[in-house]
Amino acid sequence: MVKTVGVLGAGQMGNGIAHVFAQFGYQVIIYDIAQAQLDKALATIRQNLERQAKKGAIAESLVAETMGRIRSTTEMSDLAPVDFAVEAVTEFEQLKLEIFRKLDGIVQPGAILASNTSSIPITKIASVTKRPDQVIGMHFMNPVPVMKLVEVIRGHATSDETFARTSELVAKLEKEMAVSQDYPGFIVNRVLIPMINEAIFALYEGIATAEDIDKGMKLGTNQPMGPLTLADFIGLDTVLAIANVLYDGFKDPKYRPCPLLVKMVNAGHLGRKSGRGFYTY
């Protein structure tokens, strides 16, 4: 039975994952190498909980209760007692492999190791551990407290027991699960990133302005935000990284990242987080 959950990485995804686990009664240990990032994550979680309480989505008393279930650390060894760990660090393969290698030697033998990766093969991540049957993909959507979907990805060796325990957790967090096999991009990004990339090609080829491309997709296909606005929200560096995973993984030219996307990332125009992308923030 899962009682204590470790979250690795205190960025946007990590703090959201820690938030939902703590809100639903789990003890959470959140780890990051930077204390400043952990402080920022805890402040964000509190702020988001207070917003939920103000809207009447949760009871006022749940704010302090939830915060009381989260502790932060800059030492990975503090994750030793967890029953379930979710890695949510930067989408950089070598870093993830290094973390799983270390984590495998720290946590108890029965613990499940999950990755929130949106594109890196779970089978590859599992192969650096001594427990490949206990490694699984658990891809939350951003922002985690709001979005209902969790994409669950079975690696080549993921056991039925690991899958069952993970699905149980998804249900306890009141999320919906979509199950994917372990191929580049899984379900969501396999469909989403080529759509965003095609929107960038439309802009690059002068088909229309960014505003009109977004308006066309928003009002014409009922999407909550246009693909270029969404790219800025995700971060153009992340969009490019996933596009490259699809391109390298399938060796199919249809996944080739648009040259404009590459140029913008090289220029440091990464979207909302840098203040400039397809739009200025």
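Please treat every number below as a calculation from the coordinates, not as lab data. Source: prediction; values computed, not measured. Neighbour counts run over all protein chains shown; Cβ positions are idealised from the backbone, glycine included.
Just from its helices, what would the mean residue ellipticity at 222 nm be for the chain, if runs of 4 or more DSSP H residues each count -39500 (n - 2.57) and the sum is divided by every residue, rounded to the nearest 500 deg cm²/dmol?
On the way: 11 runs with 132 residues, N = 281.
Rounded to the nearest 500, the figure is -14500 deg cm²/dmol.
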Modelled label reach - Phe233, point 7 Å along Cα→Cβ, region 137-151 residues with backbone N closer than 15 Å: 141-149
Between region 42-88 and region 156-229, the alpha-carbon center distance in angstrom: 26 Å
Set of region 180-202 residues, backbone N closer than 17 Å to the point 7 Å along the Cα-Cβ line of Ser167: 180-182
Inter-probe distance in nm under a simple model that places probes 7 Å from Cα toward Cβ, at Arg101 and Gln35: 2.9 nm
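Averaged over every viewing direction, what's the projected area of the C-alpha convex hull for region 1-147? Give it in nm², one decimal, please. Let's see the in-between values first.
Numbers: hull surface 32.1 nm².
Result: 8.0 nm².
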DSSP-assigned coil residues among chymotrypsin sites (Phe, Trp or Tyr not before Pro) in region 32-140, each with at most 16 further Cβ atoms within 10 Å: Phe92
³J(HN,Hα) computed for each position of region 151-160 - Karplus, 6.51 cos²θ - 1.76 cosθ + 1.60, integer Hz, glycine/proline x: 8, 10, 10, 8, x, 4, 9, 4, 7, 4
Spatially proximal lysines relative to Lys102 (Cα-Cα < 19 Å; intrachain offsets below 8 disregarded): Lys124, Lys130
Chain lengthening between Glu50 and Asp212 when straightened (0.36 nm per residue, less Cα-Cα): 54.7 nm
Region 208-256: trypsin sites (Lys or Arg not before Pro) in DSSP coil with no more than 12 other Cβ atoms inside 10 Å: Lys251
Ranked packing of 205-213, 232-240, 68-76, most packed first, by mean Cβ within 10 Å: 232-240, 68-76, 205-213
